[in-house]
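Asker: Before I ask anything, let me first share the structure, which is written out below as structure tokens.
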Amino acid sequence: MPETGGHPRWGMVIDLRRCIGCHACSVACKSENAVPLGVWRNWVKVVEKGTFPKVSRSFLPWLCNNCGNPICVRNCPVQATYQREDGIVMVDPHRCIGCKYCIASCPYEARFLNPLKGIVQKCQWCHHRLDAGLEPACVNTCPTEAIVFGDISDPRSRVSQIVATNPVQVLKPEKDTDPKVFYIAADLVTMRAYGTGDGSISRG
């Protein structure tokens with residue numbers, strides 16, 4: 001958490017050299033945020049590559065990128081989607097009408113319609129935990145410390161130092177959304193393979 005005044009700008013690094021595809025992040029997210037069965041705020045994309053017997057499996061945790069330039073905020077007709085001063089893209093459950101405009105405009109397939117509430121939801125980086133001085137549930141749960149979270153605007157933060165000293169990739173940079181989720185050691189096949197958007201396994 002920031003040591004000085006002002007608002008942080010949150011960012012996340014996912015080191016795929018450490019990810020073992022255990023899905024602990026997805027399970028922790030569902031438990032923390034009471035996510036209904038059949039939908040996900042984050043999930044682990046699994047891509048199998050190669051031809052038997054030379055095959056490999058890659059993992060790619062997938063979630064809302066809480067973009068610095070979010071298309072969803074601009075496209076929400078009732079201003080239910082908005083951006084906090086710390087960069088987290090939020091959905092106001094009292095304003096959302098479930099029109100799915102934001103789902104259609106999100107290039108990362110990171111939103112879903114809650115089947116019980118009829119409103120759109122997504123990863124909001126466990127803002128309730130951040131406001132209490134805690135890390136997001138997925139970060140706290142990852143057994144290999146593959147997920148690092150912090151103030152990307154603070155050059156002293158661990159997340160900033162990792163981004164500064166490692167080659168990192170972001171999903172769909174051509175969309176110009178300024179995503180705040182950075183990956184280490186992501187390969188193009190895994191990043192470009194078809195994403196289901198509902199947590200099911202994607203194969204390429």
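The values are calculated or read from the model by the stated rules, or taken from the named source; none is laboratory data. This is a predicted model, so every value here is computed, not measured. No Cβ is skipped: glycine too gets one built from the backbone with ideal geometry, and neighbour counts run over all protein chains shown.
Asker: So residue 10 clears everything in (1) among the aromatic types (Phe, Trp, Tyr); (2) crowded, with 19+ Cβ neighbours inside 10 Å; (3) at pLDDT below 95 except one condition, right? Which one?
Answerer: Among (1) among the aromatic types (Phe, Trp, Tyr); (2) crowded, with 19+ Cβ neighbours inside 10 Å; (3) at pLDDT below 95, residue 10 violates only (3).
Asker: If you don't mind, another one. Any idea which of (1) modelled with pLDDT under 95; (2) of a type in the set (A, V, I, L, M, F, W, C); (3) within 14 Å of the chain's Cα centre (by Cα) is the one residue 126 doesn't satisfy?
Answerer: (1)
Asker: Do you know which residues across the range 48-84 are in contact (Cβ under 8 Å) with a residue 60 or more places away in the chain and more than 18 Å from the chain's Cα centre (by Cα)?
Answerer: 48, 49
Asker: When residues of the range 101-110 are filtered for being part of a loop (DSSP other than H, G, I, E, B), more than 17 Å from residue 82 (Cβ to Cβ) and either of a type in the set (Gly, Ala, Ser) or touching a strand residue (DSSP E or B) at 6+ places or on another chain (Cβ under 7 Å) (or both), how many remain?
Answerer: Selection size over the range 101-110: 0.
Asker: In this structure, does residue 72 turn out to be out of contact with any Asp or Glu (no Cβ under 8 Å at 6 or more places or on another chain), surrounded by 18 or more Cβ atoms within 10 Å (Cβ to Cβ) and either outside any strand (DSSP E or B) or on the phi > 0 side of the Ramachandran plot (or both)?
Answerer: yes
Asker: So which pairs qualify, if the first residue must be in the range 89-116 and over 28 Å from residue 174 (Cβ atoms), the second must be at pLDDT 95 or above and basic (Lys, Arg), the Cβ gap must be under 8 Å, and the two must be at least 6 apart or on different chains?
Answerer: Between residues of the range 89-116 that are over 28 Å from residue 174 (Cβ atoms) and residues that are at pLDDT 95 or above and basic (Lys, Arg), the close pairs are 93/117.
Asker: Restricting attention to the range 141-166, which residues are farther than 18 Å from residue 61 by Cα and surrounded by fewer than 16 Cβ atoms within 10 Å (Cβ to Cβ)?
Answerer: Within the range 141-166, 155, 156, 158, 161, 164, 165, 166 meet the criteria.
Asker: If you take the residues in the range 119-151 that are part of a loop (DSSP other than H, G, I, E, B) and among the polar types (S, T, N, Q), which one is farthest from residue 90 (Cα to Cα)?
Answerer: 144
Asker: Look at the range 91-140 and say how many of its residues are in contact with a Leu (Cβ under 8 Å, 6 or more places away or on another chain), surrounded by fewer than 19 Cβ atoms within 10 Å (Cβ to Cβ) and either among the small types (Gly, Ala, Ser) or farther than 14 Å from residue 64 by Cα (or both).
Answerer: Adding up the residues that qualify gives 4.
Asker: Considering the range 167-204 alone, what residues qualify as being modelled with pLDDT of 75 or more, assigned to a loop (DSSP other than H, G, I, E, B) and surrounded by 13 or more Cβ atoms within 10 Å (Cβ to Cβ)?
Answerer: 170, 171, 172, 177, 178, 179, 180, 185, 186, 187
Asker: Residues in the range 13-58 that are basic (Lys, Arg) and either loosely packed, with under 12 Cβ neighbours inside 10 Å or part of a helix (DSSP H, G or I) (or both): how many?
Answerer: Number satisfying all stated conditions: 3.
Asker: Let me ask another. Quick check on this structure: which one of 175, 122 is charged (D, E, K, R) and under 15 Å from residue 62 (Cα atoms)?
Answerer: Unique residue meeting the criteria: 122.
Asker: For the list (1) assigned to a helix (DSSP H, G or I); (2) touching a residue at least 60 places away in the same chain (Cβ under 8 Å), I need the number of the one condition that residue 164 fails.
Answerer: So residue 164 meets the others, but not (2).
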